[in-house]
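Where a number appears in this text, it was derived from the coordinates with a stated rule and is not lab data. Please read these numbers as outputs of a predicted model, since none were measured by experiment. Don't worry about glycine lacking a Cβ; one is built from the backbone with ideal geometry, like all the others, and counts go over all protein chains shown.
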Amino acid sequence: MNFREIKKLISFRRRSGAGIQTVDEFREKAKKKIPHAIWDFIDGGAGTEQAVHANRASLEAILFQPNYLVDVSQRDTSTHVFGKPLTTPLILSPAGIATLAHPLGELAAARSADKAGAIFCLSTGSGHSIEQVAEVSNGRLWFQLYLWKNEEVIDSLISRAKNSGYEALIVTVDVPIVGKRERDLRNGMSLPVTIRPGQYLHYLRKPRWVSGILRNPAITFGNLTSFTSGDDASSIGEYVNKELNDPSKTWDDLERIRSVWKGPLIIKGIMTPNDAQRAEQAGVDGIIVSNHGGRQFSSVPGVATIFPEIQAAVSEHIELFFDGGIRRGEDIVKAHALGATAACSGRSWFWALAADGEQGVDRVLHILEKEVEDTLALIGEKTLTQVGKHNLYKYQAT
């Protein structure tokens, strides 16, 4: 192989993300590729961002108690969610407007999840619509729903998800108001994306991102165009600001949705045992223990801190999902050791998408699955489903 061929191979590996070995490396690459205001929107949290850091700290406080001289030559990283096999033990959490990260947005992420045997959750606030995502994926799709003021909007979105073959419905309940995301306020982040004075240089330094946006300018909420007088980003943004926040919503609204949706119903945003019990009484099938990635409220504990209390509060009929700070395969195994049916992650796939598009999401899912497999070998377990609290070293929530 001559010098030119070697140089070409290195260049390809850099473009494809083949040399990246961790989720954090995708984060660093994404940060370099997108404008500052867009990065802050993707990466930031609410308030002092204490909850963002608490999610990681609570996971890092958990240590394994490995067992050796166990035959772990054959390891199985799969699990089951609602009775169906999940090859790659990860659920791609809903994250809005993925077209900010890459023009293909949710289309790329859904295809990657399909190829890997993971579950992709589509956000109500997605850049591409319910129908568009369903067209490109034969995999397991879940739809995330906010509690809009208008019940007709809720029922319409539910009907569209059902007609498009989405398996489960996720109702996010931790947004009575939108949290104070100070990075976005400082940057003037809004829809449509507006470049403020003083920000031009940040955007000019990211010509590939700008070029992608110019070629594919539809940065908007793809699911909501039919509810507004216009389909431009400005009118849809105004509609979201007006209709999304409804502090009057109660458990009655969840019970009404339960009567409409006949498939698996999941509630997302639960952080207390009492709410978990109330959700079970309302008829949900699953609970995503989550603090919204720290994007709603800063002064709440990390998910790993509260998870054991919530598990103890509900029956074995409820499937529990861990959503908060997952960055490594070790974290996924820790979530299972705490009793989670599966782990969820949003920022990991979003960073990979921003860094390298669909190839990036392919790569990050491969990395996480391989890390899960390696972790099983290192703790002395043959299958992910056998992992439990017995694998943890004197676990205490922090």
Exercise. Give the cross-link partners of LYS389 among the lysines, using a straight C-alpha distance below 26 Å as the criterion and excluding same-chain residues fewer than 8 apart.
Key: LYS84, LYS268, LYS334, LYS370
Quiz item: What nm distance separates the two modelled labels at ALA61 and LYS370, each placed 7 Å from Cα along Cα→Cβ?
Solution: 3.2
Quiz item: What nm value, rounded to one decimal, do you get for the distance between GLU135 and ARG205 when each label is placed 7 Å out toward the C-beta?
Solution: 3.8
Quiz item: Percent relative contact order of the chain, based on C-alpha pairs within less than 8 angstrom and at least six residues apart?
Solution: 29
Quiz item: GLU255 label point, 7 Å along Cα→Cβ, cut-off 11 Å on backbone N: hits in the stretch 268-300?
Solution: 281-283
Practice problem: Given the peptides 96-102, 339-345, 76-82, 177-183, arrange them by the average over their residues of other C-beta atoms within 10 Å, most packed first. | Solution: 96-102, 339-345, 76-82, 177-183
Quiz item: What nm distance separates the two modelled labels at HIS390 and SER248, each placed 7 Å from Cα along Cα→Cβ?
Solution: 5.4
Practice problem: Provide ASP71, ASP275, ASP331 in ascending order of the number of other Cβ atoms located within 10 Å of each residue's Cβ, fewest first. | Solution: ASP71, ASP275, ASP331
Self-check item: Whole-Å semi-axes of the stretch 23-391's equivalent ellipsoid (Cα gyration tensor)
Solution: 31, 25, 19
Exercise. Pick out, from VAL173, ASN55, PRO308, the residue whose Cα sits farthest towards the positive end of the charge dipole of the chain, with +1 on the Cβ of Lys and Arg and -1 on the Cβ of Asp and Glu.
Key: ASN55
Quiz item: Taking the mean number of other Cβ atoms within 10 Å as a proxy for protection, how do you rank 376-387, 51-62 from highest to lowest?
Solution: 51-62, 376-387
Quiz item: Taking the chain as a Gaussian network, Cα atoms linked when under 10 Å apart, which of SER348, SER73, SER126 shows the biggest mean-square fluctuation?
Solution: SER73
Self-check item: Net dipole in debye of the chain [+1 Lys, Arg Cβ; -1 Asp, Glu Cβ; about Cα centre; nearest 20]
Solution: 1620
Exercise. Considering only ARG258, ARG363, ARG347, give the residue with the highest GNM mean-square fluctuation for the chain, with springs between Cα atoms whenever their separation is below 10 Å.
Key: ARG258
Quiz prompt | SER73/ASN150 FRET efficiency (R0 45 Å; Cβ-Cβ; nearest 0.05) | solution = 0.20
Quiz prompt | DSSP beta bridges in the chain [antiparallel fraction, %, rounded to 5] | solution = 10
Quiz item: Taking springs between alpha-carbon atoms closer than 10 angstrom, which of GLU280, GLU358, GLU243 fluctuates most in the Gaussian network model of the chain?
Solution: GLU243
Quiz prompt | Dipole axis of the chain (+1 Lys, Arg; -1 Asp, Glu on Cβ), positive-most option in ILE266, VAL210, ALA337 | solution = VAL210
Exercise. Determine how many Å³ per residue the convex hull of the Cα atoms of the stretch 279-389 encloses.
Key: 121
